[in-house]
Every structure is written in structure tokens, then in C-alpha cells.
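S.K.: I have a structure I would like to understand better, so I am pasting it below and will then ask my questions one at a time.
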Amino acid sequence: MKTKLLNIVMILLLMFPFYVFSQGHPERAPNLERRHHFQERQKEFEARRIAFITERVGLTPQEAQNFWPVYNEYMKKKREMNRQHRMRQDDKNIDYDALSEEELQKMALAEIERLESMLEFRKDYHDKFLEVLPVKKVVMLYEAEKEFKRILLRDLRKHRRGAR
């Protein structure tokens, strides 16, 4: 038990500089209080993710030291890809009825290309994960990510029900 707690504390300490430097300049934010609240929730979320994955995958201190930089890079790139996709989607107030078959086909193909790009990205990082973890722990990572997402969605639903 002490080893797991030590591992989690070590991971959190390793991750802290990434969080501090990734937060940007809050004085530039139009609503400092709201941004601060968001940043605190983001830090809490990341700490929960680190602890959850570290425990579920059973990372040793050496594995954790090698794994977390790769995983953080993966998450950063994944967030950026998703952000770019959302920006493209947000820019469009699309009237699908007004589009031609050709335009609709282009949109459908663009989505397929985006999904293919995401798959290639995942394959690349699968190989990188295998460089720092045994295959069993990589599979456990994928399951831990899915389980963490389910838990977060469940918590979000509970929170929304409570807010009504």
C-alpha cells in the first residue's frame, strides 16, 4: 500500500511543473475568477487521471517515469487535434438541405479522413507506449482510459441532476 501511495505522490510531483507552465497568464483572462476555477478543476481532473491510471495499470516508479512524458505528449496532441476539429465544426452553421450531393460527399469524406488520421495517430502512440511499457500494461492502459471516462461521465450526470 505504501508503494502505491509513494508511486502516486511521485507521479504527481513529476507532473506538477507541466501543470504550472501550461496554465498561461491568468491576468490576460477577461474573467479571472472563472478562469481560476476552470484551472483548478483541470488540475483536479488531471491529478485524478494520473492516480487512476497509475493504480489501474500498476506502474512501477521506473515505468511511470518513462511513461508519463510520452502519455502527456499523446494527450496534448490529441487535445489539439480535437480542438482543431471543433473549431472547424463551430465555424459552420450548416444548412444540410441547401447543400448539393457533391458538397455532402466532400463533408462525409473529410470526416472519414479525420477518423483515419486519428487512427494513425493512435497507432503511432501505441508503438511509443510499447517502447516504455510491456504490452499487458498497454492493454491495461486502454481499459483504464475507458473506465476513467465512464466514471467521469457518471459523475457529470450526477452533478447535473443535483444542479436541477
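S.K.: Test of understanding: among LEU119, LEU104, LEU141, which residue is in a helix (DSSP H, G or I) and over 17 Å from the mean Cα position of the chain (by Cα)?
M.R.: LEU104
S.K.: Separate question: Would you confirm whether or not the range 123-138 contains a residue that is more than 21 Å from GLU80 (Cβ to Cβ) and outside any helix (DSSP H, G or I)? Lay out the reasoning, then the answer.
M.R.: Initial filter on the range 123-138 (more than 21 Å from GLU80 (Cβ to Cβ)): 130-138.
If we keep only those that are outside any helix (DSSP H, G or I) too, we end up with 133-134.
Checking the range 123-138: at least one residue is more than 21 Å from GLU80 (Cβ to Cβ) and outside any helix (DSSP H, G or I).
S.K.: Now a separate question. Are there any pairs, at least 6 apart or on different chains, whose C-beta atoms fall under 8 Å, with the first in the range 30-58 and farther than 24 Å from PHE129 by Cα and the second in a loop (DSSP other than H, G, I, E, B), and if so, which?
M.R.: Pairs found: ARG35/ALA29; GLN39/GLN23.
S.K.: For the range 75-132: of the residues being over 27 Å from GLN65 (Cβ atoms) and hydroxyl-bearing (Ser, Thr, Tyr), which is modelled with the highest pLDDT? Give the derivation first.
M.R.: Of all residues in the range 75-132, those over 27 Å from GLN65 (Cβ atoms) come to 82-120.
Narrowing the set further to residues that are hydroxyl-bearing (Ser, Thr, Tyr) leaves 96, 100, 117.
Values: TYR96: 84, SER100: 92, SER117: 95.
Here the answer is SER117.
S.K.: Something else about it: Is the range 153-164 home to any residue that is within 17 Å of MET75 (Cβ to Cβ) and part of a helix (DSSP H, G or I)? If you could, list the steps in order and put the result at the bottom.
M.R.: Start the filter on the range 153-164 by keeping residues that are within 17 Å of MET75 (Cβ to Cβ), which leaves none.
No, the range 153-164 has no match at all.
S.K.: Can you name the residue in the range 7-62 that is closer than 25 Å to ILE151 by Cα and of a type in the set (Asp, Glu) and, of all such residues, is modelled with the lowest pLDDT?
M.R.: Among those residues, the one meeting the criterion is GLU40.
S.K.: If you scan the range 78-123, which residues turn out to be without any contact (Cβ under 8 Å) to a residue 24 or more places away in the chain and within 30 Å of VAL135 (Cβ to Cβ)?
M.R.: ARG79, GLU80, ASN82, ILE112, GLU113, LEU115, GLU116, LEU119, GLU120, ARG122, LYS123 - these are the residues of the range 78-123 that are without any contact (Cβ under 8 Å) to a residue 24 or more places away in the chain and within 30 Å of VAL135 (Cβ to Cβ).
The values are calculated or read from the model by the stated rules, or taken from the named source; none is laboratory data. Nothing here was measured: the structure is a model prediction, and the numbers come from that model. Positions of Cβ are backbone-derived with ideal geometry, glycine not excepted, and every protein chain shown enters the neighbour counts.
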